[in-house]
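The values are calculated or read from the model by the stated rules, or taken from the named source; none is laboratory data. Just so it is clear, the model here is predicted, and its values are computed rather than measured. Don't worry about glycine lacking a Cβ; one is built from the backbone with ideal geometry, like all the others, and counts go over all protein chains shown. Side chains are part of the model used for accessible areas, which takes the heavy atoms of the whole protein and leaves out ligands, DNA and RNA. Shrake-Rupley method; radii C 1.70, N 1.55, O 1.52, S 1.80 Å.
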Amino acid sequence: MTNSFDDIPFFDDAPEEPAPRRSAASPAAAAGLGIAARAMAARDGNRAAMEYLSGLNPEQREAVESLDGPVLVLAGAGTGKTRVLTTRIAHILATARAYPSQILAVTFTNKAAREMKERVGVLVGGAVEGMPWMGTFHSIGVKLLRRHAELAGLRSDFSILDTDDVVRLIKQLIQAEGLDDKRWPAKQFAGMIDSWKNKGLTPPDIAEGDARAFANGKGRELYAAYQARLRTLNACDFGDLLLHPISIFRQNPDILKEYHQRFRYILVDEYQDTNTAQYMWLRLLAQRPQGTPQNVCCVGDDDQSIYGWRGAEVDNILRFEKDFVGAKVIKLERNYRSTEHILGAAGHLIAHNEGRLGKTLFTDRVDPDDEKVQVHAAWDSEEEARAVGEEIERLQRGGSDGKKHNLNDMAILVRASFQMREFEDRFVTLGLNYRVIGGPRFYERLEIRDAMAYFRLVCQPADDLAFERIVNTPKRGLGDTTIRNLHDYARARDIPMLAAASQITETDELKPKARKALFDVIQSFRNWSERLETVSHLELAEQILEESGYTDMWKADKSAEAPGRLDNLKELVRSMEAFESMRGFLEHVSLVMDADKNENLDAVSIMTLHSAKGLEFDTVFLPGWEEGLFPHQRALDEGGRSGLEEERRLAYVGLTRAKHRCHIWFVSNRRIHGLWQSTMPSRFLDELPAAHVDVAVSESNYGGYGGQGGGRGGYGQSRFDKADPFANTHSTPGWKRAQANKSDATRDNWGSRSGHAVERIGYGESGPRTRTIDGELVAKSVADTPSQFSVGDRVFHVKFGNGNVASIEGNKLTIDFDRAGQKRVLDGFVERA
DNA sequence: TTGCGATCCCTTTTT
DNA sequence: GGGATCGCAA
């Protein structure tokens, strides 16, 4: 059977030997190389035409021009890493060292791949279209696997399962083993398999101990059963996209050799994030027999290694020189992004980490007007969102520099995605445009997954998971009993469920009603599969959704979401336009999973720190710098010291995203799992240097609100001045007002705003509070001064109620609360009972 | 077989 | 707090 992937010619788009020469017949030249072509001409003497090299600093230029032999570029944040990579590609093409199709350029994320493609496109023009080997590890893995699928026991039209499918599949296996799927959650086992795969381990490689850890010692068998099941489904998971090629290369040296000849240049972005499997994959492709050039260039930054939890091995970057003898190591330390304050803060913070290669970023751009990194305190996450929103509006109207700022230049970077919600809620009420990056994704929506299951099954009839998903959606009277029958029938004969369904309708094993319903479904699928070749995939998609009754199902649905779902389905069909075939579309979706339809809207970006890596913004807001959230408790529990260091790198990534302004927030109270918890400022705040940081909270407390303070003070000042509760609540303790505020805050916008203003004054008055922040941040001095409390004191806390002080450590109290148990709290938050 | 209510569990990060 | 799953009843 042919499909669109077989259409890609193998080696005939570029001769293996000799290396390309500049000639009219050269496909590369014919492709119209733009600058590259001009630069080829330049090779004959006119070096000035190599304009893409000008503007590089000496280190960058060296990294670009060192084309022979292995190169490791240690590129700090904002030092022009992507520029080096893209220019290097342009340079390879321009000097006619290789055809576009002979360059393997690997990135970690889709976003990075997209950006690289764009930027290379700017340099070399249309030639970038001739670079099929530029993409993520996974997308390149698919490409390899499609070509050699049979060597992995698959057909080239295999499906790629996402996490959801995998979990459902494993759940079936666990149940089939007669195990209790509550005691042995499928999700957990899916995680184990994933981490095994990240380490490059196949079932026989699993150590005895690990194998025993799950399902009464059946872990290894279960893993093997899972792999076997994938094979019968003609499917693979994300990990397989790397593992299968690895074993194909290992077992077929001749194939590996073909790729060695093909890939003249290998480039790897974000090398510090590669896991063991990726590393094995890469080494197979990059390590050549002695005497052959190993033109591999890896770019990375050990200080930005933030994927250790996912199996990334920082060691990979550290042992590069051992793996590739004679490697040249180039450090990029000149930062072009951030102000000296931001760099100073970030550098001081990251210096607290031990195992690092040690780079120090510097910049020449010193401007006395540059704002220091601002640290703000808020009572709770709601106030945090409110204040950030106001700061954003302030910048939008015209910041301290009087300049009006675009929302596109601002981002809120959170540690965990649940933090996003509060900002979204707030921005909706403010009418402030925002976009969530990496949030709940289009293709993960229920209706989209259903529709996709239909498409998958049409293209790949062995896809049982898709079959099970939609066989009774919309409702066709095919319930659990029928499905289970069908399932058993299929398993017994080792055939796909769709085929089994076809057979079983010819017997009388099913009740007439179910039999009829099933028969109709199969007929539909037969029809659709036939049309695959004759009807355009766009039309076919529409027909499938119509004829299956799927759109009717939502039209009949009276719930609030139904119209939105119908819209999404339309959007889905529309987005298929960009693809040549349904298969091509399905592949895109399984790998990319996000629809990048954020047009030119001016909007604040909200995303996690992880997904912010590689991006930059004029103004960056970093909320939630509290112990337990950031650094995240789980990272500390599971990762210990190295977990903490990874969190610190995450903080470093966050800070270094900012070009001009960086605002950090921490709150005293945050709701976690629905419960309010008192929180302490993050230790990372202690690690920021006073020279580059302003504690904005005290300033706004005293200066901003009384009306006499002048200063650029607080946010939304004028609005609060009008608020009438101001006067009469002025003298009551802050926490009380905050508490009163909380009850009506969710409903009443204005109420919450005025309450908010009042709250903040309360902070200003509560001396310990302000000093605490200064003390935490600037020096440990406060921590050394004796607390106003002593052990045994009876105290009251707004969230936890009454309790007794159990121990004191500087300004941090451990309190045994009568009802809430033992908590650690800053002394500013309690008062004598 | 379906639909609804109750309960349970989880909440870091992603290809 | 909230989403997903489970169990029970119609």
Fill in: Per residue accessible area of the range A:366-428, 1.4 Å probe, in Å²
38
Worksheet item: Tell me, how many Å apart are the Cα centres for the range A:64-124 and for the range A:332-383?
Response: 27
Worksheet item: Which of A:L284, A:I306, A:I330 sits closest to the plus end of the dipole of the range A:268-333, meaning its Cα is farthest towards the positive end, when Lys and Arg get +1 and Asp and Glu get -1 on the C-beta?
Response: A:L284
Worksheet item: Roughly how big is the range A:445-576's charge dipole about its Cα centre, with Cβ charges of +1 (Lys, Arg) and -1 (Asp, Glu), in debye to the nearest 20?
Response: 300
Fill in: Mean Cβ neighbour count within 10 Å, used as a protection proxy, ranking A:157-169, A:665-677 highest first
A:157-169, A:665-677
Discussion item. Expected output is a single nm value to one decimal: the length gained when fully extending between A:T481 and A:E221, i.e. 0.36 nm times separation in residues minus the C-alpha distance. What is it?
Written reply: 90.8 nm
Worksheet entry | Per-pair calculated FRET efficiency, R0 = 41 Å: A:D164 and A:R250 via Cβ, rounded to 0.05 | 0.85
Worksheet entry | Whole-Hz couplings from phi, Karplus 6.51/-1.76/1.60, listed for the range A:461-472; x for Gly and Pro | x, 8, 7, 4, 5, 5, 4, 5, 5, 10, 4, 10
Worksheet item: Ranked from the most accessible area to the least, with a 1.4 Å probe and all protein chains present, what is the order of A:E390, A:E627, A:E444?
Response: A:E444, A:E627, A:E390
Response to the item:
Under 5 Å from the placed amide H of A:C297, counting only residues 5+ away or on other chains, we find A:V71, A:I266, A:L267, A:V268
Worksheet, complete the sentence: For A:V329, A:V373, the accessible-area ranking with a 1.4 Å probe, largest leading, is A:V329, A:V373
Discussion item. I'd like the accessible area for A:E313: 1.4 Å probe, protein heavy atoms, all chains in place, Å² to the nearest 10.
Written reply: 70
Fill in: Positive-end extreme of charge dipole, the range A:104-213 - chosen from A:A152, A:T107, A:G178 (charges on Cβ)
A:T107
Discussion item. Run through the range A:379-448 and list the trypsin sites (Lys or Arg not before Pro) located in a DSSP loop whose Cβ has at most 12 other Cβ atoms within 10 Å.
Written reply: A:K403, A:K404
Discussion item. So for the range A:159-233, averaging the separation of alpha carbon pairs under 8 Å that are six or more residues apart and normalising by length, what relative contact order in percent results?
Written reply: 27
Worksheet item: Going down the table (A:K570/A:K613; A:K81/A:K117; A:K475/A:K516; A:K143/A:K218; A:K475/A:K513), which pairs top 25 Å between alpha carbons?
Response: A:K570/A:K613; A:K143/A:K218
